[in-house]
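To keep things clear, I will list the structure first and then write my remarks on it.
The values are calculated or read from the model by the stated rules, or taken from the named source; none is laboratory data. None of the values given here were measured: they were computed from a predicted structure. Every residue, glycine as well, gets a Cβ built from its backbone with ideal geometry; the counts of neighbours run over all protein chains shown.
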There are 2 protein chains.
Amino acid sequence: MTISFEILDEDINGRCGRLKVGDNVLKTPALLPVVNPHLPVIPPPELKAMGAGAIITNAYIFYRSSEFREQALSRGLHDVLGFDGIIMTDSGSFQLSVYGDVEVTNRETLLFQKAIGSDILVPLDIPTHPDSDRDTVVKELEITMDRIREAREVLGPEAHLAGPLQGGLFSDLREETGRALGDMGFTFTPVGAVVPLMESYRYRELVEVVLAAKRGIPSSSCVHLFGAGHPAMFALAVAMGCDLFDSAAYALYAKEGRYLTTHGSMKLDELSDLPCSCEICRHTTPDEIRKSPDRIRLLARHNLIVTLSEIARIHQAITDGTLWELVDERCRGHPELLRGYRALLGHGEQISARDRISKRRFFYRGSESCLRSEVTRYHDLISRFFTGRRALVSFERTSGSFGEPYDSVFWFRPPFGPYPPELHETFPIGQSELPDWDDDMVRAGCKGIRALITSNPECDLTVRCGPEWVPVVRQEIQGVTIDGY
Amino acid sequence: MTISFEILDEDINGRCGRLKVGDNVLKTPALLPVVNPHLPVIPPPELKAMGAGAIITNAYIFYRSSEFREQALSRGLHDVLGFDGIIMTDSGSFQLSVYGDVEVTNRETLLFQKAIGSDILVPLDIPTHPDSDRDTVVKELEITMDRIREAREVLGPEAHLAGPLQGGLFSDLREETGRALGDMGFTFTPVGAVVPLMESYRYRELVEVVLAAKRGIPSSSCVHLFGAGHPAMFALAVAMGCDLFDSAAYALYAKEGRYLTTHGSMKLDELSDLPCSCEICRHTTPDEIRKSPDRIRLLARHNLIVTLSEIARIHQAITDGTLWELVDERCRGHPELLRGYRALLGHGEQISARDRISKRRFFYRGSESCLRSEVTRYHDLISRFFTGRRALVSFERTSGSFGEPYDSVFWFRPPFGPYPPELHETFPIGQSELPDWDDDMVRAGCKGIRALITSNPECDLTVRCGPEWVPVVRQEIQGVTIDGY
C-alpha cells in the first residue's frame, strides 16, 4: 500500500485533496511544520492542537544524535515526538545543501527512516544549487535518480517513498524528471532545491521551475514544494499545483525576532502595533512580547497561526473558485512576487487547460486580471462563434436596430470581448464585475474581437463603440470598420 | 475644555492621532463598536477587553426606553453599560434616516445626552439621502446647521459636541460645510449620511464626498466616518483622512450569519474553512459554529476581532509609511472599491499636498501605483531640474560617455521619470522596487520627461532607450530626439 492522493476540488491549477498515508488522512493543501528535536520551539502535541495534521522532521538529526537515535529506534518516531499524525522525514539532503557533505549513505538513511517508523521517507537526493551549470545539474540529477531507484529496491514498491524532483533552473530537465517519476509510479513528488530561489525572492524563476515540473508530473500526484514556508507565496504556489509546504520559518524567524504576515515579514523591534487577529496579537502589545522571557515562543506561535490560517484561506478560495483573487492579493505584496505572478499569467495555455470551466464570479482587480485563465479560455471559445458575412460588435448593449442588415450581432464585455447576446448571463460574461472600463481591459477585449475575425476570415466586421474607445480599437484591430457613435 | 485632537504621524492623508475627551485618550484611527442596550451581543466590558477604547450607543434608544431611561438618568450611561472608556451618543438621527421621523427635538436629545453623561454629544442633524436633489439637500443642510448652532447655545462652548457634516452628493456643499464647521471651532466632525453609499458599494461617490468634505475641514479636526463599519474599506477611508469608524456591522452581520473579512463578507453557511487567524477560527470548524447555540456571539466576536485588527494594521502601515500598499491591497477586493481607489488616485494634487515627503519604500503593485502621491509629487519636483541647452535622458544607467557633448545627463526610473544621477539613492528613486518595466510604468515615466521639457523649453532633449521602448516614448513625448540603442 503506497501513498494515495485524491483530488476533491480544483481552481486554476490548485487543488483541494486528500492525502492518505497508512491510516492517516491529510487534507491538502497543507503545511507541515518542521520539528527540530533539539529545539522544539512548539512541542509537536501543541502543533497538532494548532491544526497541523502532519509534520516533517530530519532523520539525519536523529541518526547523528546520541540522545535521539536510540530513543527513536526503540520507541519509534511518533512516540518520541509525541505526534500521532503523519510524520515525514528528510534524509539529510538539507544538510547536504548547507554543508556540502553528510555522513550517511542513501541506503543507510532510508533504512534508518524505515526503522524509526517514518510515514513518508525521502531518499538522499542531491539538492543542486539553482545557479549550477547544466553539466553539474545533469550529473547530480543522475545521482539523484540512481538513489531514487536504489530506494525503490531497498524499500520495495509498497514503501511510502517520496520521489524528489531536481533539475536546477532547466525547464526541460524538470519536466522530463517529473515525467520519469510519474512513470516510476510516484504519487508523492517533492520539488526540491528551490529554497535559494525563495530566499532571494527569485519568484519569477520559481514559477518557471515549478510549472516545468508540473508539465511532467502526472496531475494525480501530490506535489510538495520543499522548503516553502512563507505564507506570502502559498497562494501562488498552490495556483501552480503545489499541495504541500513545510515551514521551519515559523520558528527560525521567531528566533531572529521576525514577525510573519501574509504580506511580508516585519521586525518585532519595529512594530508599533500587532497587525494581526490571532489570539497572541489581540491580547498582547509589541512591547510586552519584546520584554517577555517567552518571546520566541510567542512569536513562533503567531507565525505558525498566520501560516496555518493562510492555508485555510486557500482551501476556502479553491472551494469558492476565487483563488485568482487571492493570488492577485498576495502577489502584489512584493514586486518580485508580482514578477512571479506575471510569469504565471504568461503561461495562459498551461494554466487554462486545467482550470475549472465555471466559477461563481470574476472580479476585475487591475490589468493583470486581463491575463487570467478565464479570459484566455474565453478567447479560445470565441473561435466557435459563427458570424455570417456581415457582423457587428457593439460596445453598447442594445437590442435596437442598427440600421444595417447584419447577419449577427455581438455585444462586447471587456476583458473578454464579443459575445452573442444569449450568453449574457453565462460565465464569465454574466458573473464579471468591473470598475469603469479602462484601456488595458478594452485592449484585452479587442484581442477577443481579433479571435472572432481570425475564425471568420470571410466576415465583414463592424465595431461600434463610443468615441473614447475609437483610438484604442483602431490601434488594436486592423481591417475593421469602426463606427464611433 | 473641549474635544482635543493631536496628530502624531501621517501617511497619504491618513493620520495616527490622539483624541482627548475629558480624561480619556483614544488612539486613532479607531473603531467605536455600536452598542444597542437592548441586544448587547458582546457586553461593553468585553468590548473593552477586546481592545475597544470607545463605543457608540444611541441616546434615542435610552430616551425612548422605559427600561433604560431612568437607569441612565440616575446612574449615568457609563455605569449602566459598564464601560469606563469614551462613550459617544447618537442623537436619533439614525432613526430619522430609517423612519423619517423621531419623537424628540434637537434640544431635548442634547440635554438628555448631557444628563446621562455622554462623552461625545451629537445634535439631531438631518441625514439627507445621497440621492436627494440639490434643493432638498440645501434646505435640510440649513436645518442641520441651525441645530448645530442651537446645540452650541444649549450646551455652551465647552461641551464635547460633534459637528456633523451633511451636504449630500454635492461636493461644493460638503466642502463649504466643512469650512463652516471649522470656523465654528469644531474639532470633531462626523461626515454623515454616507451609509446608503456604502450599503450599495458606491465607493467612487463616497470618495468624492469625503474628499470634498476634507478640503473644507481643518486638518486638525478629528473626522468620523459615520456608519462605516466594514473593515474592507477602512484603509481607503483612512487614506482620505478619516480617523474614526463605528461598527454595528460586527453584530448585525453576525445575526444574519455573515462572516466578515478584510476582503469582503461571506456567508457562514457557505464556508468550508474559517479563513482567519483569530482565536475562534483557529479553534472551531464552520460546522461547530453553525451548530452552536452561541453561534451569533461567536460570529460577532470573530467579526469584531477582524475589524479591530484591521485598525491595528492601519496604524502600523501609517507608522511605516506603507499605507498605499494596504489601500491597494484592500481596494482590489471588490471592483467598486477599485473604482473608489482609482477616484482617490485621480485627486493627486489634493492627496500629495499633505502626504509625507519621505517613506521607507515604494513597492510597485500594478498600474495604479503610477498614480500614487509619491509619483505625482516627484513629477512636480522635476520642474526644479535645470537641463542646460542640450540634455540626455538615458534609460540605461551608465556613467560612460555618450559621444555627444550634453550639458546634463539624467537617468530614468519609471514610473517617476528622469533624475540627476546624484539623486539615485534618495527617495523615491533609491527606495523604489519594481517588477520588470511595463508599458504603464514607462508611460508614467514619460510624463516626468514631459515635465522636464515643459520647465526647460529651450532645451534640445534626447531620450536614449532600448528598441522595445521606442514606440511608447514616441507616442508619449512629442518633439524629442529618440536614440534607440
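Within the range B:428-485, restricting attention to residues that are part of a strand (DSSP E or B) and small (Gly, Ala, Ser), the residue that is surrounded by the fewest Cβ atoms within 10 Å (Cβ to Cβ) is B:484.
Restricting attention to the range B:70-100, the residues that are farther than 11 Å from residue B:59 by Cβ and touching a helix residue (DSSP H, G or I) at 6+ places or on another chain (Cβ under 8 Å) add up to 9.
If you check B:154, B:137 for being in a helix (DSSP H, G or I), crowded, with 22+ Cβ neighbours inside 10 Å and among the β-branched types (Val, Ile, Thr), only one passes: B:137.
Restricting attention to the range B:62-107, the residues being closer than 12 Å to residue B:37 by Cβ and either basic (Lys, Arg) or at pLDDT below 95 (or both) number 5. So, residue A:259, is that one more than 21 Å from residue A:18 (Cα to Cα), in a helix (DSSP H, G or I) and touching a residue at least 12 places away in the same chain (Cβ under 8 Å) or not? The answer is no for residue A:259. Confirm whether residue B:309 is part of a helix (DSSP H, G or I), among the hydroxyl-bearing types (Ser, Thr, Tyr) and more than 9 Å from chain A (Cβ to nearest Cβ). Here the answer is no, as residue B:309 does not meet what is asked. Pairing residues of the range B:470-481 that are on the phi > 0 side of the Ramachandran plot with residues that are of a type in the set (A, V, I, L, M, F, W, C) and assigned to a helix (DSSP H, G or I), at Cβ distances under 8 Å and at least 6 apart in sequence or on separate chains, gives B:479/B:453.
What number of residues in the range B:9-59 are farther than 18 Å from residue B:226 by Cα, in contact with a strand residue (DSSP E or B) (Cβ under 7 Å, 6 or more places away or on another chain) and assigned to a loop (DSSP other than H, G, I, E, B)? The total comes to 1. Would you say residue A:245 is more than 10 Å from chain B (Cβ to nearest Cβ), surrounded by 20 or more Cβ atoms within 10 Å (Cβ to Cβ), in contact (Cβ under 8 Å) with a residue 12 or more places away in the chain and not in a helix (DSSP H, G or I)? So residue A:245 fits the description; yes. Counting only residues that are in contact (Cβ under 8 Å) with a residue 24 or more places away in the chain, within 24 Å of residue B:273 (Cα to Cα) and touching a Lys or Arg at 6+ places or on another chain (Cβ under 9 Å), the range A:43-64 holds 4 of them. In the range B:322-343, the residues that are facing another protein chain (nearest Cβ under 7 Å) and part of a loop (DSSP other than H, G, I, E, B) reach residues that are surrounded by 22 or more Cβ atoms within 10 Å (Cβ to Cβ) and of a type in the set (Asp, Glu) with C-beta atoms within less than 9 angstrom, at least six apart or across chains, in these pairs: B:332/A:325; B:332/A:328; B:332/A:329; B:332/B:368.
Total residues in the range B:111-135 satisfying the condition of being in contact (Cβ under 8 Å) with a residue 12 or more places away in the chain and under 28 Å from the mean Cα position of the chain (by Cα): the figure is 16.
Regarding residue A:311, is this residue in contact (Cβ under 8 Å) with a residue 24 or more places away in the chain, within 26 Å of residue B:363 (Cα to Cα) and among the hydrophobic types (A, V, I, L, M, F, W, C)? Yes; evaluated as a whole, the condition is true for this residue. Taken over the range B:360-390, the criterion of being within 14 Å of another protein chain (Cβ to nearest Cβ) and either among the aliphatic types (A, V, I, L, M) or buried (at least 19 other Cβ atoms within 10 Å of the Cβ) (or both) is satisfied by B:362, B:363, B:364, B:365, B:366, B:367, B:368, B:369, B:370, B:371, B:372.
Within the range A:308-326, being crowded, with 24+ Cβ neighbours inside 10 Å and out of contact with any strand residue (DSSP E or B) (no Cβ under 9 Å at 6 or more places or on another chain) holds for A:309, A:326.
For every residue, the table says whether it meets (1) touching a strand residue (DSSP E or B) at 6+ places or on another chain (Cβ under 6 Å); (2) under 12 Å from residue A:370 (Cα atoms); (3) not aromatic (Phe, Trp, Tyr).
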| position | (1), (2), (3) |
| --- | --- |
| A:409 | yes, no, yes |
| A:412 | yes, no, no |
| A:418 | yes, no, yes |
| A:421 | yes, no, yes |
| A:424 | no, no, yes |
| A:427 | no, no, no |
| A:431 | yes, no, yes |
| A:434 | no, yes, yes |
| A:439 | no, yes, yes |
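Let me confirm something: among A:345, A:337, A:371, which residue is touching a Ser or Thr at 6+ places or on another chain (Cβ under 9 Å) and either modelled with pLDDT under 95 or of a type outside the set (Asp, Glu) (or both)?
A:345
Based on this model, can you work out whether residue A:366 counts as touching a strand residue (DSSP E or B) at 6+ places or on another chain (Cβ under 9 Å) and modelled with pLDDT of 95 or more? No; evaluated as a whole, the condition is false for this residue. You will find that of B:39, B:77, the residue that is among the hydrophobic types (A, V, I, L, M, F, W, C), more than 27 Å from the chain's Cα centre (by Cα) and surrounded by fewer than 16 Cβ atoms within 10 Å (Cβ to Cβ) is B:39 and no other. Tallying residues that are over 16 Å from residue B:223 (Cβ atoms) and among the acidic types (Asp, Glu) within the range B:184-209 yields 2. Free of Cβ contacts under 8 Å to residues at least 40 places away in the same chain and not aliphatic (A, V, I, L, M) - does that describe any residue in the range B:4-12? Taking every residue of the range B:4-12 in turn, at least one turns out to be free of Cβ contacts under 8 Å to residues at least 40 places away in the same chain and not aliphatic (A, V, I, L, M).
Among the residues of the range B:162-208, which ones are of a type outside the set (Phe, Trp, Tyr), surrounded by 24 or more Cβ atoms within 10 Å (Cβ to Cβ) and in contact with a Ser or Thr (Cβ under 8 Å, 6 or more places away or on another chain)? B:162, B:163, B:164, B:165, B:166, B:167, B:178, B:181, B:189, B:192, B:193, listed by residue number. Among the residues of the range B:269-280, which ones are under 16 Å from residue A:319 (Cβ atoms) and within 11 Å of chain A (Cβ to nearest Cβ)? Answer for the range B:269-280, where residues must be under 16 Å from residue A:319 (Cβ atoms) and within 11 Å of chain A (Cβ to nearest Cβ): B:270, B:271, B:272, B:273, B:274, B:275, B:276. Among the criteria (1) modelled with pLDDT of 95 or more; (2) within 14 Å of chain B (Cβ to nearest Cβ), the one residue A:351 does not fulfil is (2).
Reported count of residues in the range B:149-201, each being touching a Pro at 6+ places or on another chain (Cβ under 6 Å), small (Gly, Ala, Ser) and closer than 20 Å to residue B:20 by Cβ, is 2.
To keep it simple, each residue is scored yes or no on (1) over 25 Å from residue B:11 (Cβ atoms); (2) among the small types (Gly, Ala, Ser).
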site	(1), (2)
B:239	no, yes
B:285	yes, no
B:293	yes, no
B:305	no, no
B:311	no, no
B:314	no, no
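In the range A:281-298, is there at least one residue being buried (at least 24 other Cβ atoms within 10 Å of the Cβ), more than 9 Å from every other protein chain (Cβ to nearest Cβ) and under 20 Å from residue B:262 (Cα atoms)? There is no residue in the range A:281-298 that is buried (at least 24 other Cβ atoms within 10 Å of the Cβ), more than 9 Å from every other protein chain (Cβ to nearest Cβ) and under 20 Å from residue B:262 (Cα atoms).
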